[in-house]
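Here the structure is laid out as structure tokens; the discussion comes afterwards.
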Amino acid sequence: MSLIFTIFALVFLTELISWIGKTVLLEFAWDLYSRLFMNASYTRQRQLQAELLTAKKELLQTSAQDQFAKWAKLRRGVDKGLADLEKLNGELASSKTAFSLKFNTMMWVLTTGLSFFVGWWYRKAAVFYLPPGWLGPLGWWMAFPFAPKGSVSVGVWQMACRRVIKVGERTVKNILAPSEPVAVPVEMSKSS
């Protein structure tokens, strides 16, 4: 793939991720990851919650004064179940935090890091050349900072692609968004 399309695809991917939202993508990826690799933990969590609900229900139906031995045994079971559930919830929360850190790092590498790398790697390369004298004395700006004179640099091309994609996004949003009715002021007449 040529440099011009690679940069456009990279900028489009970055903007697509920002349109969707990193938190939405994180939640989707976490749900997928947890269903595939942590299903046993979530099954155990649901099982513990169900056991705790039934034990609490039975505890509330047992009199502490009349059936103290049964009540104390149920109470210890509920306390142990709550401790186990808290421990499992802590493990799941730490797993989600670790996943979130790795996912955000991957997103940064795929968008910002890759964009920086492409800009640095091809800093002296021309994305394409402009016709001679096309922009007159301002032609040097298109080659800024290191590209050959009369060409468009990677940084300028990334900026142009980002701008075009943002304008396209705004246009699509304006087309798809329902138009709001315009309020017309009504004059009130005073009666004497």
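Table for the structure above
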quantity: Unmet criterion (only one of (1) open to solvent by 60 Å² or more (accessible area, probe 1.4 Å); (2) in a helix (DSSP H, G or I)) for T14; calculated: (1)
quantity: Selection count, the stretch 44-60, where residues are among the aliphatic types (A, V, I, L, M) and open to solvent by 80 Å² or more (accessible area, probe 1.4 Å); calculated: 2
quantity: Residue pairs meeting the criteria (Cβ under 9 Å; at least 6 apart or on separate chains; first free of Cβ contacts under 8 Å to residues at least 12 places away in the same chain and closer than 24 Å to F128 by Cβ, in the stretch 6-34; second open to solvent by 80 Å² or more (accessible area, probe 1.4 Å) and not in a helix (DSSP H, G or I)); calculated: A9/M1
quantity: Residue satisfying all of: in the stretch 61-78; assigned to a helix (DSSP H, G or I), surrounded by 11 or more Cβ atoms within 10 Å (Cβ to Cβ) and not basic (K, R); farthest from the chain's Cα centre (by Cα) among these; calculated: F68
quantity: Which listed residue is touching a residue at least 40 places away in the same chain (Cβ under 8 Å) and open to solvent by 50 Å² or more (accessible area, probe 1.4 Å), from E91, E86; calculated: E91
quantity: Given (1) open to solvent by less than 80 Å² (accessible area, probe 1.4 Å); (2) in contact with a strand residue (DSSP E or B) (Cβ under 6 Å, 6 or more places away or on another chain), index of the condition I165 fails; calculated: (2)
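The values are calculated or read from the model by the stated rules, or taken from the named source; none is laboratory data. Values in this document were obtained by computation on a predicted structure and should not be read as measured data. All Cβ positions, glycine included, derive from the backbone under ideal geometry; neighbour counts span all protein chains shown. When the accessible area is computed, the model is the full protein with side chains, heavy atoms only, and any ligands, DNA or RNA have been set aside. Shrake-Rupley method; radii C 1.70, N 1.55, O 1.52, S 1.80 Å.
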